[in-house]
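The numbers here are math on the coordinates, done by the rules we state, and not lab data. Note that the coordinates shown come from a computational prediction; the quantities given were computed from them, not determined experimentally. Every residue, glycine as well, gets a Cβ built from its backbone with ideal geometry; the counts of neighbours run over all protein chains shown.
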């Protein structure tokens, strides 16, 4: 299965496409398709028929997935988009580290 460099809950910057330059939180990750759903990015309109949960039906706006290569992780400390490095801690725990400032990314 392909790996994705971001996780659910990470803050990312969209680097290409119609939403380039926007920041948002990752809501879902689809590693099999190498796609991520980012809050407020790639919003599409879907027509929904009436159901018991939503009796009126109508047009719903929701986020659609974008390819993971179109987003870049934003470091919490330096607040800049960065690539990540893997580092082992003293107790053999592997963590993600910011390439720019060296801070551990949760």
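Using 0.36 nm per residue of separation minus the Cα-Cα distance, give me the extension gain between residue 52 and residue 1 in nm, one decimal.
Extra length available between residue 52 and residue 1 comes to 14.6 nm.
Kindly give the semi-axes, whole Å and largest first, of the ellipsoid equivalent to the chain, taking each as the square root of 5 times a Cα gyration tensor eigenvalue.
32, 15, 12
I need the calculated FRET efficiency for the pair residue 101 and residue 27, taking r as the beta carbon distance and R₀ as 35 Å, to the nearest 0.05.
The calculated FRET efficiency here is 0.85.
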